[in-house]
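Below is one structure, written out as structure tokens; comments come after it.
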Amino acid sequence: MAALTDLIANVNQTLNSILWGRGMLLCFLLTGLMFTVGTRFFQVRWFFQWMRCTIGSVWKKGGSQKAGEHSITPFQALSTALAAAIGTGNIVGVAIALSAGGPGAIFWMWLSAFLGMMTSFAEKTLGIRYRYPDGKGRWVGGAMVYMEKGLHCKWMALLFAALCIPVSFGMGNLSQSNSMAQAMERAFHIPSVATGAVAAVLIGIILLGGIKRIAAVTEKLVPVMAVLYLAAGGAVILLHLHSLPQAVADIFAGAFSLRSAAGGAAGYGLARALRTGVSMGVFSNEAGLGTSVIVHCDAQVKEPVEQGMWGIFEVFADTLVCCTVTALAILTSGVWQPNGAMDGVSLCAAAFSTVFGAAGEKFIAASIVLFAFATLTGWAYYGERAVCYLLGKWAVPVYKLLFSAAVLLGSVAKMELVWSLSDTFNALLAIPNLIAVTILSREVLELTQDYTRRFLIRPKAENGRIKRPDSGHNRDDGHCVSLRRERIRRKGG
């Protein structure tokens, strides 16, 4: 058995180094750059508009935050997607990125997220564009659907769904439950099996309620855990505010450093910082993987571009806000040292302990538990919909049972190989999705141009200010009427 495990590990390591090489990271960046340039920097030009149409609409009286009988609100879709994305990587992953790539890795993480905002925008726009209702009126959507309906490539859609299932068990379950159990045992001396058992029961109860219950949990859990963590991280930064200018300077200086890692303790090098930062950005917000499209397609929304804006905010909140707070808290507190002995959890705990004392370690442990549990709920739904697409509805109860049982297994098992295999499957998952969004990029750009003309440019020119979209009453079943008319006109119909 040990020989087989070693063989799998060696093969996976070789495959992983190929898949996550410079070529793959360049594909992520170029895809985001294509949509950024193609939409004329939509995430910058219309910053206040997409902020107002997303998080701003949550508190707006009479806004569009309504759920249908078989759908959820856009905010619930965002919360569930953020639940899957905001995991231990936002805490431990950032610390590991700093240890591996130095402060310069944070700059490349920012760049990756800036471009990834538009990749995420394209994914969600295509998801709403091609989703369709099943026999009971429930939306069927996701990256596999726009591969099937948009590319007319059924085999690619089936491949994506098949790859999504093991990733949901690996990165979305076993690794997260293991992180929860270790954090609780280290900080509170609670046995790992007890943490796993409680988490397994809770996940099982949530999954029995379907997307409605999952969304109801995540829309309450995600904002609370995010606000608490950001407030604590902000306090660390504020109390070390005198170190903030130097921390920012180190980030920009390290991003373009040409020193090699062998040249000294502080010499991380440009290539190392770039690779670490970009990969950290991808792992954090999942832009380009196509997974979060699944839950966004359940949102009660009619305009594809409007849901695409929620995709922009998703990456913004996950990486440019949450990960940045972690990075700056570590750098300003002074606990990070080049080639230092601490990394991961210990580095984060040390940073927060400079303000909160012994409670800092317990706060980080509690944050890891909340973040990991949120990830479990989000990925459970991704896997469920992938199983339903691939095998049919009969297999969903079996998947839910196995997923809940895997939570207990993950809490007591060794996870080194699971983390590595999940990493590899992530890359395999990204390949068909990046191909699909690239081929369908023209549709994304046309939909964006049409939406911008109808709701942003024309109202502003006529009234002197931008009006909020009417949630797409000019569009039916995911298709912009005006866009279809334009295509008919071009064809001479």
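The values are calculated or read from the model by the stated rules, or taken from the named source; none is laboratory data. The model shown is predicted, which means the values in this text are computed figures rather than measured ones. Methodologically, a virtual Cβ is constructed for each residue, glycine included, from the backbone with ideal geometry; neighbour enumeration extends over all protein chains shown. Just the protein is used for accessible areas: all its heavy atoms, side chains included, with ligands, DNA and RNA removed. Shrake-Rupley method; radii C 1.70, N 1.55, O 1.52, S 1.80 Å.
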### Query
How many of the residues in region 181-233 are in contact with a His (Cβ under 9 Å, 6 or more places away or on another chain) and at pLDDT 85 or above?
0
#### Entry: Test set (1) within 15 Å of G233 (Cβ to Cβ); (2) part of a helix (DSSP H, G or I) - W336 fails condition number
(2)
### Task
Find all pairs meeting these conditions: Cβ atoms under 7 angstrom apart; at least six residues apart or on different chains; first residue within region 419-445 and of a type in the set (D, E); second residue assigned to a helix (DSSP H, G or I) and open to solvent by 20 Å² or more (accessible area, probe 1.4 Å).
D423/N16; E443/R129
### Summary
When restricted to L429, L401, the only residue crowded, with 17+ Cβ neighbours inside 10 Å and either modelled with pLDDT under 95 or under 20 Å from the mean Cα position of the chain (by Cα) (or both) is L429
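Condition check ((1) within 30 Å of V444 (Cβ to Cβ); (2) hydroxyl-bearing (S, T, Y)) across all residues:
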position: V315; (1), (2): yes, no
position: T354; (1), (2): no, yes
position: G357; (1), (2): no, no
position: A380; (1), (2): yes, no
position: W394; (1), (2): no, no
### Message
open to solvent by less than 10 Å² (accessible area, probe 1.4 Å), modelled with pLDDT of 95 or more and either touching a Leu at 6+ places or on another chain (Cβ under 9 Å) or not small (G, A, S) (or both): which single residue out of L98, L126 fits that description?
### Response
L126
### Task
Search region 354-376 for residues being open to solvent by less than 40 Å² (accessible area, probe 1.4 Å) and polar (S, T, N, Q), and hand back the single one that is nearest to L82 (Cα to Cα).
T375
### Message
Looking at region 193-214, can you tell me whether even one residue there is of a type in the set (K, R), over 17 Å from F371 (Cα atoms) and in a helix (DSSP H, G or I)?
### Response
yes
### Query
So which of A329, A350 ends up being under 17 Å from V236 (Cβ atoms) and surrounded by fewer than 22 Cβ atoms within 10 Å (Cβ to Cβ)?
A350
### Query
What is the residue count in region 78-127 for residues that are small (G, A, S) and not in a helix (DSSP H, G or I)?
2
### Message
Here's a check for you: in region 14-32, which residue that is aliphatic (A, V, I, L, M) and farther than 17 Å from T119 by Cα is most open to solvent (accessible area, probe 1.4 Å)?
### Response
I18
### Task
Any residue in region 197-220 that's among the basic types (K, R): show its pairings with residues that are surrounded by 15 or more Cβ atoms within 10 Å (Cβ to Cβ) at Cβ separation under 6 Å, as long as the two are six or more apart or on different chains.
R213/I206
### Only one of L417, L390, L440 that is at pLDDT below 85 and either of a type in the set (A, V, I, L, M) or buried (at least 18 other Cβ atoms within 10 Å of the Cβ) (or both)
L417
